[in-house]
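A.B. asks: Quick one: the structure is below, and I'll ask about it shortly.
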Amino acid sequence: MSNYKTKLKDIKGFAFDVDGVFTDGSVFVAPDGDLLRIHNAKDGFGLRWAYLCGYHIAIITGGYSESVRKRFEGIGVEHIYLKSRDKLPDFYDFCNKCGISPKEVAFVGDDIPDIPILKECGLAVCPSDAVQEVKDVCDFVSSYPGGRGCVRDLIEQVLKIQGKWEFNAELYAGKFGQGMDSNKK
């Protein structure tokens, strides 16, 4: 593992797997058949703050659920890739659409399908409970498990080193942040 902190200043975007990163991996089947997950509110605030501060954000997951789409659209995520079985092309698509280099993106994954992106991104990150093969290729293993703060941990570190972590109520409540919770496509 390299000293990952030297890479924090170069990050312009974040990309994430969902199950095992934003969640503890548990999935509940709703009566309508949708697969429901429990998300950590602090991870959600960190993600929203990164969005409000102008970072590019992508969700790249092998799963499919309208509740996942709604959760991340509600935070402001514009690049949501569901049913991504080969995640690397979606990662490159995100980078191309945003005009950023893969080396300017921090990616958080927890399982074997995430390894190709982890090897290509600028900062490879995983939760503390990721599988060993993922830990072996990551620059940083968070002390927090999936669904319990690993997303917030990464975002907070990047924004702090880049001088963007200070809360700004005007930005949070302003036109840029209004209406995101009711965002519908």
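The values are calculated or read from the model by the stated rules, or taken from the named source; none is laboratory data. On a predicted model such as this, the values are computed, not experimentally measured, just so you know. Note: ideal-geometry Cβ built from the backbone for every residue, glycine included; neighbour counts use all protein chains shown.
A.B. asks: Filter the stretch 87-126 down to the residues that are of a type in the set (Gly, Ala, Ser) and surrounded by fewer than 23 Cβ atoms within 10 Å (Cβ to Cβ), then identify the one that is nearest to Asn3 (Cα to Cα).
C.D. replies: This residue is Gly122.
A.B. asks: Ok, one more. Taking the criterion of being of a type outside the set (Phe, Trp, Tyr), modelled with pLDDT under 95 and more than 20 Å from Lys70 (Cβ to Cβ), would at least one residue in the stretch 31-53 satisfy it?
C.D. replies: Scanning the stretch 31-53, I find at least one residue that is of a type outside the set (Phe, Trp, Tyr), modelled with pLDDT under 95 and more than 20 Å from Lys70 (Cβ to Cβ), so the answer is yes.
A.B. asks: Could you grab the pairs with beta carbons closer than 8 Å, sequence gap of 6+ or different chains, first residue in the stretch 62-75 and under 16 Å from Ala15 (Cα atoms) and touching a residue at least 40 places away in the same chain (Cβ under 8 Å), second one among the basic types (Lys, Arg) and loosely packed, with under 15 Cβ neighbours inside 10 Å?
C.D. replies: Gly62/Lys83; Gly62/Arg85; Gly63/Lys83; Glu73/Lys184; Glu73/Lys185
A.B. asks: Could I ask something else about it? Only one of these conditions is not met by Gly46: (1) surrounded by 14 or more Cβ atoms within 10 Å (Cβ to Cβ); (2) free of Cβ contacts under 8 Å to residues at least 60 places away in the same chain. Which number is it?
C.D. replies: (2)
A.B. asks: Output yes when any residue across the stretch 77-89 is farther than 16 Å from Asp19 by Cβ and either in contact with a helix residue (DSSP H, G or I) (Cβ under 6 Å, 6 or more places away or on another chain) or in contact (Cβ under 8 Å) with a residue 40 or more places away in the chain (or both), and no when none is.
C.D. replies: Within the stretch 77-89, one or more residues are farther than 16 Å from Asp19 by Cβ and either in contact with a helix residue (DSSP H, G or I) (Cβ under 6 Å, 6 or more places away or on another chain) or in contact (Cβ under 8 Å) with a residue 40 or more places away in the chain (or both).
A.B. asks: Within the stretch 50-71, which residues are more than 16 Å from Val21 (Cα to Cα) and in contact with a helix residue (DSSP H, G or I) (Cβ under 7 Å, 6 or more places away or on another chain)?
C.D. replies: Ala50, Tyr51, Leu52, Cys53, His56
A.B. asks: Can you find a residue that is closer than 22 Å to Gly149 by Cβ and of a type outside the set (Asp, Glu) anywhere in the stretch 95-105?
C.D. replies: Within the stretch 95-105, one or more residues are closer than 22 Å to Gly149 by Cβ and of a type outside the set (Asp, Glu).
A.B. asks: For the stretch 116-185, list the helices (runs of 4 or more DSSP H) that sit wholly inside it and hold at least 1 residues that are of a type in the set (D, E, K, R) and at pLDDT 95 or above; which are they?
C.D. replies: So the answer is 132-137, 150-161.
A.B. asks: From the residues in the stretch 127-157 that are in contact with a Ser or Thr (Cβ under 7 Å, 6 or more places away or on another chain) and not small (Gly, Ala, Ser), which one is surrounded by the fewest Cβ atoms within 10 Å (Cβ to Cβ)?
C.D. replies: Pro145
A.B. asks: Would you be able to say whether some residue in the stretch 77-84 is surrounded by fewer than 18 Cβ atoms within 10 Å (Cβ to Cβ), polar (S, T, N, Q), out of contact with any Cys (no Cβ under 9 Å at 6 or more places or on another chain) and modelled with pLDDT of 95 or more?
C.D. replies: Within the stretch 77-84 (the criterion being surrounded by fewer than 18 Cβ atoms within 10 Å (Cβ to Cβ), polar (S, T, N, Q), out of contact with any Cys (no Cβ under 9 Å at 6 or more places or on another chain) and modelled with pLDDT of 95 or more), the answer is no, since none of the residues qualifies.
A.B. asks: Here's another thing I want to ask about it. Is it true that Ser101 is touching a strand residue (DSSP E or B) at 6+ places or on another chain (Cβ under 8 Å), polar (S, T, N, Q) and over 22 Å from Asp129 (Cα atoms)?
C.D. replies: In short, no.
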